[in-house]
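Inspection log for the structure reproduced underneath, given as structure tokens.
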């Protein structure tokens with residue numbers, strides 16, 4: 001279970017679920033899950049599409065945590081994250097059901113995952129090299 005979690009791009013799973021929901025249940029993304037009256041008197045509506053964004057932010061956090069590990073498996077994970085980003089971008093541009101602001105933000109999360117993953121890995125590798133260069137007396 002742990003290795004599947006480590007090597008699966010979680011934002012890719014979110015994108016696939018979004019695509020299925022958008023294709024099969026066309027109007028469900030715009031449905032209100034609940035309303036909340038704020039102290040200001042405004043009514044805040046939490047939509048199904050907002051739930052996707054909330055889940056996406058949690059998954060982005062988990063993806064960034066996963067990128068702090070080092071090893072050969074990380075290279076595969078970075079490549080998979082890049083494939084997810086390119087796939088999301090193509091879906092956003094070419095598929096009518098995914099041409100929404102919500103899916104654009106999921107695509108942005110995939111892009112942030114790619115950039116953050118490479119950045120964290122480079123910093124960790126640099127730190128590992130500095131530790132190895134410590135002079136010995």
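The values are calculated or read from the model by the stated rules, or taken from the named source; none is laboratory data. These numbers were taken from a predicted model, which means no experiment stands behind them. A quick note on method: Cβ atoms are made from the backbone with ideal geometry, for glycine too, and the neighbour counts reach across all protein chains shown.
The table that follows gives values for the structure above.
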quantity: Residue within the range 56-79 that is in contact (Cβ under 8 Å) with a residue 60 or more places away in the chain, crowded, with 16+ Cβ neighbours inside 10 Å and part of a helix (DSSP H, G or I) present; calculated: yes
quantity: Verdict on residue 51 being in a helix (DSSP H, G or I) and surrounded by 11 or more Cβ atoms within 10 Å (Cβ to Cβ); calculated: yes
quantity: Subset of the range 19-37 that is outside any strand (DSSP E or B) and surrounded by fewer than 10 Cβ atoms within 10 Å (Cβ to Cβ) - its residue that is modelled with the highest pLDDT; calculated: 24
quantity: Some residue of the range 52-62 being over 12 Å from the mean Cα position of the chain (by Cα) and within 13 Å of residue 10 (Cβ to Cβ); calculated: no
